[in-house]
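Accompanying notes for the structure given below.
The values are calculated or read from the model by the stated rules, or taken from the named source; none is laboratory data. Quantities reported herein were computed from a predicted structural model and do not represent experimental measurements. Cβ atoms come from the backbone with ideal geometry, glycine included; neighbour counts cover every protein chain shown. Ligands, DNA and RNA are stripped out before the accessible areas are found, and what is left, the full protein with its side chains, is counted by its heavy atoms. Shrake-Rupley method; radii C 1.70, N 1.55, O 1.52, S 1.80 Å.
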Amino acid sequence: MQRNHYYQKTTMRLWTLSLQLRKDKNDRCFFIKSDTRYYVQAFLSFLGDYIDHMIKYPHNLLTKILGLYSVIIPGQKQMYFIVMQNICFPDSEIDERFDLKGCSAARYEKPPPPGSSYVHVLMDINFKHTILDIGKEKAAWLIRQLEIDCDFLAELGLQDYSLVIGIGKKIAVQNQNNGCHDMDTDSIDSEVVSLCSSEENSMKAMPLFSFYQPLEGSGNTRELTNLPNSIHTIEGTHKHYYIGIVDFFMRYECLQWGRRIKKNILFCHGDHSTIPPRKYSNRIVNFLKKHLV
């Protein structure tokens, strides 16, 4: 199957899932972020590599980018928006959220007061004593996939991305067919028509795990479970963990070189987020290793 058809099929099914869940305001499976033209163009420059990586490693940790949009308002600058899969989904199942870069400089967020309904994202220092109890086998898979994904980003010269981790209560799951339903490999056009022809079809239950059937030759796959966001969900002993990589648009170029010097002076050390891609990649992998059992 051509890679653009494969990717279109996946994104179309994700959009269909949003219709199924749209009545529940607490379960947002998409995330919309405004961004600059620089970052949008950066992503477009490696879009082909990104799609190839998605196909080769269908159970990767990178967030799924579903659309790039721009809006022009008379008298204002053109605005750009990125639509992506929400790693911490379903929202209603998650108690804690962390944005991690594997460093300590300016990486603390004051925790919310007890009983607060505000969605609060904590950082690396807050995560210091957190342990992900997922067992040796799942931990080995997770570290291997993180190495693969971070190595891919390093080869593209990207850094300053975040490892997002959500921690929530454990919910009932059901394993099915190694995490994948059979998928019709007919043309994307007929499937799009089938999915979007009526409200009834759009609202059919379609677990998200069924969108990631590995193709022949796929690497580092794992058994997925029948959960709405199983591609980014790992079942632990007592908790469910939602794990993924976001904001991977920053190239290590002249601007970042200057920021690195500035941060070295400001913090009097190099334990910050602006370091060369290969060092950044290795650091974030080693950071997560310390928090797994």
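At full extension, K33 and H238 could sit 70.6 nm farther apart than now, given 0.36 nm per residue minus the alpha carbon distance.
Rounded to the nearest 0.05, the FRET efficiency derived from the C-beta distance between L255 and S116 at R0 = 35 Å is 0.45. Of the beta bridges in the range 64-156, as assigned by DSSP with both residues counted there, near 75 percent are antiparallel.
Taken one residue at a time, the phi angles of the range 48-53 give Karplus couplings (6.51, -1.76, 1.60, θ = phi - 60°) of x, 5, 4, 5, 4, 5 Hz. Gly and Pro are set to x. Amide hydrogen proximity for L62: with H placed 1.01 Å from N in the peptide plane, the residues at 5 or more positions away or on another chain lying under 5 Å are I245. Positive end of the dipole of the range 53-137, charges at C-beta (+1 Lys, Arg; -1 Asp, Glu), about the Cα centre: which of L100, G67, N126 has its Cα farthest in that direction? Sorting the options by dipole projection puts first G67. In a fully extended conformation the segment linking L47 and N282 would gain 82.3 nm over its present Cα-Cα distance, using 0.36 nm per residue. Annotation: extensible slack from A172 through A106 equals 20.0 nm (criterion: 0.36 nm per residue apart, minus Cα-Cα distance). Taking trypsin sites (Lys or Arg not before Pro) across the range 128-168, the ones in a DSSP loop with at most 12 further Cβ atoms lying within 10 angstrom of their Cβ are K128. Accessible-area rank, largest first, for T130, T237, T63: T237, T130, T63, with all protein chains present and a 1.4 angstrom probe. Using only the Cα atoms of the range 42-159, build the gyration tensor, take square roots of its eigenvalues as a ≥ b ≥ c, and label the shape rounded, prolate or oblate: rounded if a/c is under 1.5, else prolate if a/b is larger than b/c, else oblate. Oblate, since a/c reaches 1.5 and b/c is not below a/b.
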